[in-house]
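**Student:** Input: one structure, supplied below.
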Amino acid sequence: MTITKDIMDAAKYVAVEAGKILLKHFGKTLKIEEKGLRDIVTDADRESEEFIKDFLSREFPDISFYGEESGGKFEGLTWLVDPLDGTKNFAKGLDIFAVSIALLEDRKPIMGVVHIPTKGMTFWASEGKGAYVNGRKLLLDEGCSLDRSFVATGFPHGNPELVDPYIVGLRRVLKKAMAVRRLGSAAYDLVMVAYGMFDGFWEFGLKPWDTAAGAIISKEAGAVITDIYGRDWDIFSLTVLAAKKNLHRELVEIFSQ
Ligand code: IPD
Ligand code: CA
Ligand code: CA
């Protein structure tokens with residue numbers, strides 16, 4: 001499918017408006033429920049998703065919808081939405097969170113929008129058409145070695161069985177990297193790779209809605225996206241590695257040892 005300006009504008013609009021809903025709740029008392037193993041959801045997650053779902057279903061009745069909080073179906077063309085990525089940061093008043101909206105064609109992201117309400121930054125990309133932030137095209141350099149790189153990761157705290165294998169790689173990276181950060185929002189991490197703030201990012205056990213939009217944005221900006229062993233990545237992969245070209249090669253070697 002060809003991504004028209006109208007469809008991209010609609011996705012950007014709804015992401016920004018959902019961001020306003022999040023900001024309205026941010027720093028206030030939230031209704032917090034436990035929805036899984038050490039996993040929470042707030043009324044802000046729900047309100048943001050409801051707004052995005054209503055808007056996209058009304059504007060694009062022929063496109064399926066899948067949201068983290070309300071589910072749905074992955075069928076043909078599908079909107080895949082994380083209405084608040086970084087819920088725990090949000091609930092604790094840490095201002096690192098994002099709204100993530102991807103359009104999938106046969107389960108593959110063909111466009112993505114990630115909006116960071118606290119920074120007023122909206123990132124977007126579509127397949128083969130490049131990545132942008134607030135209208136400025138993003139183009140990454142080829143990167144450098146790990147000892148001069150600023151990298152980000154996420155901990156697999158919700159998947160106890162992934163902790164040990166994850167720590168093996170983290171230990172190797174910690175011994176070589178210039179610096180390692182853990183922000184707590186995978187969509188945010190991925191667009192910060194596209195932005196060139198992070199030279200690379202890896203995480204285990206993410207869900208399709210965490211990565212779909214951020215991955216196409218960082219890829220279109222010039223990052224390489226695979227799993228941590230350098231194999232083809234898709235939204236159902238167990239691990240993700242997004243990095244500038246030269247760093248990507250070094251990280252794959254490190255993780256594959
Ligand atoms: C979480 C964030 C976090 C990652 C978790 C995700 P949520 O998403 O992306 O960085 O480490 O695995 O679940 O739950 O805040 O939407
Ligand atoms: Ca998420
Ligand atoms: Ca979420």
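**Student:** Starting from the 7 Å offset along Cα-to-Cβ, what nm value, one decimal, do you get for the label separation of LYS5 and ARG249?
**Tutor:** 4.0 nm
**Student:** Within the chain, what is the longest stretch that has no GluC sites (Glu not before Pro) placed in a DSSP loop and near at most 15 other beta-carbon atoms within 10 Å?
**Tutor:** Excluding the exposed sites themselves, the longest stretch runs over 143-257.
**Student:** Rounded, prolate or oblate: which fits segment 146-256 when a ≥ b ≥ c are the square roots of the eigenvalues of the alpha-carbon gyration tensor, with rounded for a/c under 1.5 and prolate only if a/b beats b/c?
**Tutor:** Note, shape of segment 146-256 comes out rounded.
**Student:** In a shell of Cβ-Cβ distance under 15 Å around PRO165, excluding PRO165 itself, what net charge do Lys and Arg (+1) and Asp and Glu (-1) give?
**Tutor:** Taking every Cβ under 15 Å from that of PRO165, the sum is -2.
**Student:** While we're looking at this one, here's another question. Mind ranking TYR66, TYR195 by accessible surface for me, highest first, 1.4 Å probe?
**Tutor:** TYR195, TYR66
**Student:** For ILE216, what accessible surface area do you get with a 1.4 Å probe? Give it in Å², rounded to 10.
**Tutor:** Ignoring ligands and nucleic acids, ILE216 comes out at about 10 Å².
**Student:** Can you list the aspartates and glutamates whose alpha carbon is less than 16 Å from that of LYS176, not counting same-chain residues fewer than 8 positions off?
**Tutor:** ASP147, ASP199, GLU250, GLU253
**Student:** Could you order ARG249, ARG181 so the one with the most accessible surface comes first? Probe is 1.4 Å.
**Tutor:** ARG249, ARG181
**Student:** Now for a separate question. Using a 1.4 Å probe, how large is the accessible area of ASP234, given in Å² and rounded to the nearest 10?
**Tutor:** It works out to around 80 Å².
**Student:** In whole Å, what is the distance between the alpha-carbon centres of segment 120-166 and segment 1-51?
**Tutor:** 21 Å
**Student:** With springs only between Cα atoms under 10 Å apart, run a GNM on the chain and tell me which of LEU183, LEU241, LEU103 wobbles the most.
**Tutor:** Maximum fluctuation in the GNM of the chain, among the listed residues, is at LEU183.
**Student:** Picking from LYS20, LYS35, LYS219, which is most flexible by a Gaussian network model of the chain using Cα springs under 10 Å?
**Tutor:** Its mean-square fluctuation being the largest, the pick is LYS35.
**Student:** Let me ask another. List the pairs from LYS20/LYS207; LYS92/LYS207; LYS5/LYS129; LYS28/LYS92 whose alpha-carbon separation is above 19 Å, in the order I gave them.
**Tutor:** Beyond 19 Å between Cα atoms: LYS20/LYS207; LYS92/LYS207.
**Student:** On to the next question. Using only the Cα atoms of segment 5-138, each taken as one equal point scatterer with no solvent, compute I(q) by the Debye sum, divide by I(0), and report log10 of the ratio at q = 0.15, 0.19 Å⁻¹.
**Tutor:** Debye intensities relative to I(0), on a log10 scale: -0.69, -1.07.
**Student:** Short version: what are the Cα gyration tensor semi-axes of the chain, square root of 5 times each eigenvalue, largest first, in whole Å?
**Tutor:** They are 27, 21, 17 Å, listed largest first.
**Student:** Take each complete run of DSSP H in the chain, measure how far its Cα atoms stretch along the helix's own axis, and keep only those covering 27 Å or more with mean Kyte-Doolittle hydropathy at least 0.0; list them.
**Tutor:** Correct list, ordered by number: 5-25.
The values are calculated or read from the model by the stated rules, or taken from the named source; none is laboratory data. Everything quoted here is computed from the prediction, not taken from an experiment. Neighbour counts are summed over all protein chains in view; Cβ atoms, including those assigned to glycine, are modelled from backbone coordinates with ideal geometry. The protein model used for the area step is the full one, side chains on, heavy atoms only, and it has no ligands, DNA or RNA in it. Shrake-Rupley method; radii C 1.70, N 1.55, O 1.52, S 1.80 Å.
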